[in-house]
Amino acid sequence: MLYNRVQSYAMIIHPDDQDMVWDFVQKGVEENKPYRIIYRIISKNGDVKWVWEQGRGVFEDNSLVALEGYIADITKETLHQKALEKMEYSLEHLNEGIIWFDAEGGIVDMNISLKNLIEHTSDPISDKTIFSLPFILPTDSWTNLMEKAKDNRSSVCDAVLKIGDERQYFRINTSYCEFG
């Protein structure tokens, strides 16, 4: 856009973001403070891109003479973040229970479905390990499931969950993955 006398930078800011960007930059200029903002632009070929801008007003004799700053294309990172957020939401709200645990069986996290299922059991979870979950594993133990999953990347076992006098039957799929 250097030496461009036809189109200003403000003209390529996405219409839905223009007021927000204007207000944010104006506030930074009025307070004579640097600003950082993320917003969308529309490229020459019509693609929508996400950008991160850092800037500040340049003043001479208390008068604004220019804005200076740096603008970086963060489209790829923003799209990846949005995809991760969708995946996280999907896993959290899946009808199947999901639990993440470490190599010692310590519970790292579980999704809403599993939390709700366990809350309805009469047995409180005494500690934060998979060994305290109210599942009965008739053919295997959690330790064996974990070892099989580590050797084969996954293992399967039938289980029973006691809820009061009722029993619900489940198939437990255990997958092994190292997250660094």
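The values are calculated or read from the model by the stated rules, or taken from the named source; none is laboratory data. For clarity, every value in this text was computed on a predicted model and none was experimentally measured. Cβ placement follows ideal geometry from the backbone for every residue including glycine, while neighbour counts extend to all protein chains displayed. Surface areas here come from the heavy atoms of the whole protein model, side chains and all, with no ligands, DNA or RNA. Shrake-Rupley method; radii C 1.70, N 1.55, O 1.52, S 1.80 Å.
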* Structure fact -> Filtering segment 43-68 down to residues that are open to solvent by less than 70 Å² (accessible area, probe 1.4 Å) and outside any strand (DSSP E or B) yields Ser43, Gly46
* Restricting the search to segment 24-42, which residues are open to solvent by 20 Å² or more (accessible area, probe 1.4 Å) and not β-branched (Val, Ile, Thr)? -> Phe24, Gln26, Lys27, Glu30, Glu31, Asn32, Lys33, Pro34, Arg36, Arg40
* Looking at this structure, is Val6 at pLDDT below 95 and outside any helix (DSSP H, G or I)? -> yes
* Asked: Which of the residues belonging to segment 99-118 are in a loop (DSSP other than H, G, I, E, B), surrounded by fewer than 14 Cβ atoms within 10 Å (Cβ to Cβ) and either touching a helix residue (DSSP H, G or I) at 6+ places or on another chain (Cβ under 8 Å) or among the β-branched types (Val, Ile, Thr) (or both)?
  -> Ala103
* Asked: How about segment 148-180: which of its residues are under 22 Å from Asp109 (Cβ atoms), at pLDDT 80 or above and open to solvent by 100 Å² or more (accessible area, probe 1.4 Å)?
  -> Lys150, Arg153, Arg171, Asn173
